[in-house]
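In what follows, a single structure is set out as structure tokens and then discussed.
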Amino acid sequence: MGLNKEVIKPILAGFGITARRLKHKKVTVSYPEQLREQYPRTRWRHFLARYENGLEKCIGCSLCAGACPARCIYVEAAENTDEARFSPGERYATRYEINMIRCIFCGYCQEACPTGAIVLRKNFELADYKRESFVYTKEMLLEKYPGESDEPYVGRYQKKDKKEPAGSTKP
Amino acid sequence: MPKKVETIVLHDSSTPVIGDMEKGGNVVVTSLEYLLAQARANSLWPLTFGLACCAIEMMSTVASRFDLARFGSEAFRATPRQADVMIIAGRLSKKMAPVLRQIYDQMPEPKWVISMGACASSGGVYNNYAIVQGADQVVPVDVYVPGCPPSPDALIYGILKLQEKVKRHKATTFGELRLAEAFNPRGLEEVDV
């Protein structure tokens, strides 16, 4: 009577909930092996785009630096000449640096850019050991996106060769 | 288990294998060091140091979707005495800085620090008089995780990076290393690891 009602029944009821939960789909994303689907407008690492003929889209206008609320972009521009042509316009960026550790990934630079040169992609694996390695130079930003535009991003721990990102430092 | 018996070699970043001993250490305790490093790396108990919105992401990292318990870090401790890694999540104000330092000092060796988010790492948008421009001005930071706030997977990536670092270290001399670091809060650059 008392034992049955006060001990066994609640225990069975409790395990009943557990048993029902076993049927549910697992919610855990086993991250390093498997990546969750990123939302379409996820903003992470910056990339500088090029035109199909290889010229840089960036014209060194510094509008991105002006729009940046964290003031993490530094642009130094110079004139294009016929001998050394980097972008189709008059000017190009000689130095283009982003301090990734100060950046808040708001995407204002992408919105401000008149030529669509700077794009924020879904490459979120940016953690590193040293502050110095977070200043991304123009060469690093001009790298090709690991999975070209519509392809899904491949995590660093999923790759066969665990290649370190450019500028990465060992502790 | 690797049986590397060699004299002490200098840090060579081109060779490390994850989970492998990067350099030969003391011949007698090499395997013990390896074992200790593995044990430490796979049970990093974090200290909750949620200071702002990054703490929300830190909480969801422990929740079932991302489940930090898979890496042995599920036991978030509210007391520094039982924690291994301090996750500074959020902007660190100048009033909070002495508290942070005190709590860091109360943590037992060996200890590590993850600076989570733009504000903790560098001040972020708060370039003003109230916010410390980078938690590494107060405590030595091991891993910086950029983002505002970093998504849980980005934080997990940072923790995995820290695990790699922990596994690579000579475990038995960690206390000495930290002592050298205490006078150089900018990190490990000058200390030959």
Name the single residue that is nearest to A:THR94 (Cα to Cα) among those in region A:58-67 being surrounded by 20 or more Cβ atoms within 10 Å (Cβ to Cβ) and in contact with a Lys or Arg (Cβ under 9 Å, 6 or more places away or on another chain). A:GLY60
Restricting to region A:87-121, what's the tally of residues that are part of a loop (DSSP other than H, G, I, E, B) and surrounded by fewer than 19 Cβ atoms within 10 Å (Cβ to Cβ)? 9
Here the residues within region A:13-35 that are open to solvent by 100 Å² or more (accessible area, probe 1.4 Å) and more than 38 Å from the chain's Cα centre (by Cα) are A:PHE15, A:ARG20
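What are the residues in region A:91-141 that are β-branched (Val, Ile, Thr) and over 14 Å from the mean Cα position of the chain (by Cα), if any?
Selection gives A:THR94, A:THR115, A:VAL135, A:THR137.
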Does region B:146-164 include one or more residues that are more than 23 Å from B:ARG65 (Cβ to Cβ) and touching a strand residue (DSSP E or B) at 6+ places or on another chain (Cβ under 7 Å)? no
Expected single match for in contact with a Lys or Arg (Cβ under 8 Å, 6 or more places away or on another chain) and among the small types (Gly, Ala, Ser) among A:ALA77, A:ALA13, A:ALA84, A:ALA19 is A:ALA77
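Given the structure, is A:GLY66 within 30 Å of B:SER121 (Cβ to Cβ), out of contact with any Asp or Glu (no Cβ under 8 Å at 6 or more places or on another chain) and modelled with pLDDT under 90?
On the way: within 30 Å of B:SER121 (Cβ to Cβ): yes; out of contact with any Asp or Glu (no Cβ under 8 Å at 6 or more places or on another chain): yes; modelled with pLDDT under 90: no.
Taking the combined requirement at face value, the residue does not satisfy it.
Can you name the residue in region A:38-55 that is closer than 17 Å to A:ILE104 by Cα and either open to solvent by 100 Å² or more (accessible area, probe 1.4 Å) or polar (S, T, N, Q) (or both) and, of all such residues, is farthest from the other protein chains (Cβ to nearest Cβ)?
Step one: filter region A:38-55 for residues closer than 17 Å to A:ILE104 by Cα, giving A:41-47.
With either open to solvent by 100 Å² or more (accessible area, probe 1.4 Å) or polar (S, T, N, Q) (or both) added as a condition, the list becomes A:41-43.
Values: A:ARG41: 13, A:THR42: 8, A:ARG43: 10 Å.
Applying the filter and picking the extreme gives A:ARG41.
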Pick from region B:97-124, criterion in contact with a Pro (Cβ under 7 Å, 6 or more places away or on another chain) and open to solvent by less than 50 Å² (accessible area, probe 1.4 Å), ranking: farthest from the other protein chains (Cβ to nearest Cβ): B:ILE103
Being open to solvent by less than 20 Å² (accessible area, probe 1.4 Å) and modelled with pLDDT of 70 or more narrows B:LEU51, B:LEU32, B:LEU68, B:LEU36 down to just B:LEU68
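Output the residues belonging to region B:71-96 that are of a type in the set (A, V, I, L, M) and either over 24 Å from B:CYS119 (Cβ atoms) or at pLDDT 90 or above (or both). Before the answer, list the steps.
Here is the first cut: in region B:71-96, the residues of a type in the set (A, V, I, L, M) are B:75, B:78, B:83, B:85-89, B:92, B:96.
Matches in region B:71-96: B:ALA75, B:ALA83, B:VAL85, B:MET86, B:ILE87, B:ILE88, B:ALA89, B:LEU92, B:MET96.
The values are calculated or read from the model by the stated rules, or taken from the named source; none is laboratory data. Everything quoted here is computed from the prediction, not taken from an experiment. Quick reminder, even Gly has a Cβ in these numbers, built from the backbone with ideal geometry, and neighbours come from all protein chains shown. Please note that ligands, DNA and RNA were not included when accessible areas were found on the heavy atoms of the full protein model with its side chains. Shrake-Rupley method; radii C 1.70, N 1.55, O 1.52, S 1.80 Å.
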